[in-house]
Amino acid sequence: MQTSRNSIREPILTRKSETSISHVWKRHKEKYLLLLPFSVIFVVFTVIPVLTSIVLSFTSFNMLELPKFVGFGNYINLLVNDEIFLVAVKNTLFFALITGPISYIMCFVFSWLINELTPKVRAVMTLVFYAPSISGNAYLIWKLIFSSDMYGYSNAWLLRLGFISEPILWFDKKEYVFPILILVQLWLSLGVSFLAFIAGLQNVDRTLYEAGQIDGIRNRWQELWFITLPSMKPQLLFGAVMQITSSLSVSQLSIELAGFPSVEYSGHTILTHLHDYGFIRYEMGYASAIATVLFFIMVFTNIIVQKALRRVGV
């Protein structure tokens, strides 16, 4: 009887030992060592700064004196007393609601169309569409296009065609600022997500399409929904995260084109508000509170998008 009990306990002890930290380390130590450099960089330059910002958001800190704990004072001022921040939140969410989905769809549609081309033509077209996003301050060409004098391209053509009788002050009128920023952001949006989608389309197993035809798939739309998109879920998720981040973190574009501050704060975003308090006023505690709010908006939006992407192909 004692022998049978020991024989029962032994496999259980073996299974427990296989899940121990020492056993996992011995079995996978090469993988962890390869991950170590990235993990250190990620912790030092991402995790620690985020946690530090959250801690500083509960303090009053001007970079000259030691931080003073103020509790939720920064958040109360931010949400109750700071009317400009509320304008920035409205502009940012509206901007992201328009540019985020449209740019995401643009990235996929253009990558889907380009993927059907021959390899040489595909390489050239990929460069053409991707170039604006890596051209640094290339968006400043739009400042020339929408220049407020008669020498700006848009005003020159409108005057020549007789649509207007005097130049339009594009960045001095509230109703024009936001549409122009949206247009330029969409022009810049074919970036890393676009490349990820092309890579994902290239890696879809072609035998799945043959199997799909046998199972009853009859057109390209059914192929797209039931085969292509489910096979690209990692790339779709990566692209969604990148597009959400870029659409919610517009700052330099607004400052360079619309000025700082923009007319009636029409181009003011959460990140430009952060720029104001962090790099001009040096109120780091308050700026950290703004950064924390933006961080949780991004996290919440990413959770919603991830849940939506899980339904793709269902």
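The values are calculated or read from the model by the stated rules, or taken from the named source; none is laboratory data. Owing to the predicted nature of the structure, the values given are computational and were not obtained by experimental measurement. Here the Cβ is made from the backbone with ideal geometry for all residues, glycine too, and neighbour counts use every protein chain on show. We work out accessible area using only protein heavy atoms, side chains counted, and drop any ligands, DNA or RNA first. Shrake-Rupley method; radii C 1.70, N 1.55, O 1.52, S 1.80 Å.
Here are the numbers for this structure:
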item: Subset tally (residues that are within 24 Å of the chain's Cα centre (by Cα) and open to solvent by 50 Å² or more (accessible area, probe 1.4 Å)) for segment 110-128; result: 5
item: Enumeration of residues in segment 131-149 that are at pLDDT 75 or above and farther than 19 Å from residue 193 by Cβ; result: 140, 141, 142, 143, 144, 145, 146, 147, 148, 149
item: Test: residue in segment 154-161 that is closer than 30 Å to residue 233 by Cα, open to solvent by less than 70 Å² (accessible area, probe 1.4 Å) and either in contact with a His (Cβ under 8 Å, 6 or more places away or on another chain) or among the hydrophobic types (A, V, I, L, M, F, W, C) (or both); result: no
item: Qualifying residues in segment 253-266 (those that are of a type in the set (A, V, I, L, M) and within 20 Å of the chain's Cα centre (by Cα)) - the one surrounded by the fewest Cβ atoms within 10 Å (Cβ to Cβ); result: 255
item: Residue in segment 197-216 that is aromatic (Phe, Trp, Tyr), in a helix (DSSP H, G or I), over 20 Å from residue 266 (Cα atoms) and out of contact with any helix residue (DSSP H, G or I) (no Cβ under 8 Å at 6 or more places or on another chain) present; result: no
item: Among the residues listed as 87, 80, 47, 70, the single one being under 27 Å from residue 179 (Cα atoms) and not polar (S, T, N, Q); result: 87
item: Hits in segment 80-109 - residues which are of a type outside the set (S, T, N, Q), within 12 Å of residue 185 (Cβ to Cβ) and open to solvent by less than 40 Å² (accessible area, probe 1.4 Å); result: 95, 96, 100
item: Listing of helices (runs of 4 or more DSSP H) fully contained in segment 22-122 that carry 3 or more residues being in the same structural domain as residue 188 (by the TED database), within 30 Å of residue 227 (Cβ to Cβ) and not small (Gly, Ala, Ser); result: 83-115
item: Filter result for residue 79 (of a type outside the set (Val, Ile, Thr) and more than 23 Å from the chain's Cα centre (by Cα)); result: yes
item: Residues (crowded, with 18+ Cβ neighbours inside 10 Å and hydrophobic (A, V, I, L, M, F, W, C)) located in segment 230-252; result: 232, 236, 240, 242, 244, 248, 250
item: Matching residues, segment 270-293, being open to solvent by 10 Å² or more (accessible area, probe 1.4 Å) and either assigned to a loop (DSSP other than H, G, I, E, B) or under 16 Å from residue 247 (Cα atoms) (or both); result: 271, 274, 281, 282, 283, 291, 293
item: Considering residues of segment 193-202 that are in contact with a Ser or Thr (Cβ under 8 Å, 6 or more places away or on another chain) and open to solvent by 10 Å² or more (accessible area, probe 1.4 Å) only, the residue nearest to residue 245 (Cα to Cα); result: 195
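So that you can scan it fast, the table gives a plain yes or no per residue for (1) modelled with pLDDT of 85 or more; (2) closer than 17 Å to residue 188 by Cβ; (3) in contact with a Cys (Cβ under 7 Å, 6 or more places away or on another chain); (4) assigned by the TED database to the domain that holds residue 304:
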site	(1), (2), (3), (4)
219	no, no, no, yes
228	no, no, no, yes
237	yes, no, no, yes
248	yes, yes, no, yes
254	yes, yes, no, yes
267	yes, yes, no, yes
273	yes, no, no, yes
